[in-house]
Structures are given as C-alpha cells and as structure tokens.
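Visitor: Below you'll find the structure I mean.
All of the numbers you see were taken from the coordinates with simple rules; none came from a lab. What you are looking at is a predicted structure, and each value in this text was computed from that prediction instead of being measured. Quick reminder, even Gly has a Cβ in these numbers, built from the backbone with ideal geometry, and neighbours come from all protein chains shown.
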Amino acid sequence: MEKGTLLYEGKAKKLFKTTDPAVVWAEYLNQATALNGLKKDQINGKGELNNQITAYIFDFLNTKEINNHFIKKISSTEQLIQPLEIIPLEVVVRNVAAGSFSKRLGITEGEVLDQPIVEFYYKEDQLDDPMVIDAHINYLGLASDQELAQLRQLALKINQALNELFNSIEIALIDFKVEFGRQKDGSILLADEISPDTCRLWDKKTNEHLDKDIYRRNLGDIVPVYQEVLNRLEKRGK
Ligand code: UDP
C-alpha cells in the first residue's frame with residue numbers, strides 16, 4: 001500500500017488517500033492553533049506526541065468495545081485510519097466546569113458536575129463553531145434524531161472509558177471533544193483524535209494543566225506536558 005494524494009488539510013493533521021480505498025493515511029502536524037486560528041505556532045514534537053497519545057487511547061477504547069477509525073500507527077507522526085464521512089459536529093463531554101462552560105454560565109472552573117453534560121457544536125470555522133441544540137442540528141440536516149441519540153450514548157460511554165484510563169494515571173478528565181463519522185453502511189464510528197489538544201486533563205495531585213490550556217492561556221511550553229501524559233500512559237502499559 002502506498003501514500004496517495006492529499007484528501008484534506010486541517011489545522012493539526014493532513015489526510016492522504018492510499019492505494020487501498022479502505023485506508024486513509026493521517027499525518028499529525030506540529031501546528032498549534034487557538035482562538036479559532038487567530039493564535040498559531042509551530043511547536044516541534046507536538047505532532048509526534050499527539051499521534052502516539054491518540055494511538056494509545058484508540059487502542060484502549062477498542063479493548064472497551066468502542067469502535068473507532070484507528071487502524072495502526074506507522075511512524076512517529078503517522079497513522080492509518082478508516083475512511084469516513086465526518087459528521088460536522090464537535091461532541092463535548094464535561095465532568096468538571098471549565099473553559100467556555102464556566103465563562104458562559106458563570107460557574108467557577110473546577111466545580112464538579114453532578115453528572116456528565118454532553119454538548120454539540122457545529123463545525124464551521126466561518127461561524128466560530130457555534131453551540132447547537134437538537135432542533136438546529138435537525139434543521140441543518142447535520143444528523144438524524146436516531147444518530148444524535150447514538151452520539152450522546154457513545155459520548156457517555158467514551159467518557160466512562162476515558163475516566164477509567166486517566167484515573168489510572170492520576171489525571172482528572174475535566175472535559176473533552178470527540179468527532180464521529182459514518183461508514184458506507186451508515187454505521188457511526190469514533191473518528192479524529194483524542195489527545196491533550198482535545199481534552200482538559202488536570203494532574204490529580206497538583207491540579208496542574210496537562211493539556212492545550214497551557215498554550216491557549218500562555219502558561220508555558222506544551223511539549224514537556226504532553227510528554228508527561230504519554231510517559232504516564234506508556235508506564236501504565238497496555
Ligand atoms: N475542544 C476541542 N476543539 C475545539 C473546541 C474545544 O478539542 O475546537 C475541546 C477542549 O480542548 C476542551 C473541550 O473541548 O477539552 C471543551 O472546550 P470548551 O467548550 O470549554 O472551549 P474552549 O474553552 O477550549 O474554547
């Protein structure tokens with residue numbers, strides 16, 4: 001199998017066709033962005049860390065019977081994935097108040113939620129990815145009611161599995177974002193990446209940020225912090 005033409009170039013990844021129509025070649029980039037692309041930097045080592053962390057997490061989710069697009073890691077910055085029709089929704093799950101949730105609702109960061117909250121955002125850069133409710137998703141034809149119910153259920157199942165994983169390495173999973181896609185037969189699969197770029201992770205002992213808030217909030221260098229997350233995962237074993 002060989003790498004083919006560029007399919008898609010995003011802020012953090014490039015996707016290429018391959019000679020096998022059932023396989024897409026993903027390359028993780030060193031680019032970091034925040035504030036919908038207003039803040040942008042090249043950070044050496046970031047692509048490598050997110051590729052490895054995502055590979056570890058998607059393998060772990062497979063063991064929890066949460067099917068996802070990941071096939072295998074093929075180099076430090078590349079992995080093979082299944083082709084999907086991406087549903088243009090960011091599905092956010094929150095366990096603890098932080099970020100936009102705290103700002104919008106005036107709730108102190110760190111307040112533990114009674115139960116996880118699932119939110120949907122419409123993936124549309126020109127609109128700054130607005131939060132949407134079921135009726136908006138329905139009106140825009142982004143996903144059917146059945147699919148939405150499935151996305152909620154899957155998001156909560158992923159939350160449970162990720163909580164187990166991060167708890168085991170002394171990290172609190174504050175919130176995270178996932179994306180899903182449709183396979184040819186219409187079934188839904190977890191897609192994209194799960195990494196410190198897409199999760200809020202706080203060290204359980206010190207409450208230190210081990211995630212992209214370090215970059216968003218100019219708190220320092222993300223590379224040693226992402227490396228710390230990978231080290232803890234690798235030390236944990238499979
Ligand atoms: N998130 C993401 N991509 C986005 C927006 C959010 O991966 O485009 C993740 C973010 O890292 C956090 C969660 O989704 O783990 C919730 O983010 P929030 O809505 O609080 O937005 P933010 O404060 O990051 O703007």
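Visitor: For the chain, calculate the relative contact order in percent as a whole number, restricting contacts to Cα pairs under 8 Å that are 6 or more residues apart.
Guide: For the chain, the relative contact order is 18 percent.
Visitor: What is the Cα centroid distance between the stretch 118-192 and the stretch 200-238, reported in whole angstrom?
Guide: Centre-to-centre distance over Cα atoms comes out at 23 Å.
Visitor: Right, another one. Output wanted: per-residue J couplings in Hz (rounded whole) for the stretch 200-210, from phi through Karplus 6.51 cos²θ - 1.76 cosθ + 1.60, θ = phi - 60°, x for Gly and Pro.
Guide: 9, 10, 10, 4, 5, 7, 9, 6, 5, 6, 10
Visitor: When you count, for each residue, the other Cβ atoms within 10 Å and take the mean per peptide, how do 123-135, 36-48, 65-77 rank with the highest first?
Guide: Ranked by mean Cβ neighbours within 10 Å, highest first: 65-77, 36-48, 123-135.
Visitor: While we're looking at this one, here's another question. Can you sort LYS11, LYS103, LYS205 from fewest to most other Cβ atoms within 10 Å of each residue's own Cβ?
Guide: LYS205, LYS103, LYS11
Visitor: Please give the peptides 222-231, 105-114, 187-196 ranked by average Cβ packing (other Cβ atoms within 10 Å per residue), highest first, as a rough proxy for protection.
Guide: The packing order, highest mean first, is 187-196, 222-231, 105-114.
Visitor: Also, quick follow-up: Label the chain by shape, choosing from rounded, prolate and oblate, from the square roots a ≥ b ≥ c of the eigenvalues of the Cα gyration tensor; if a/c is under 1.5 it is rounded, and otherwise prolate applies when a/b is larger than b/c, oblate when it is not.
Guide: On the way: a/c = 1.37, a/b = 1.08, b/c = 1.26.
Rounded, because the longest to shortest axis ratio a/c is under 1.5.
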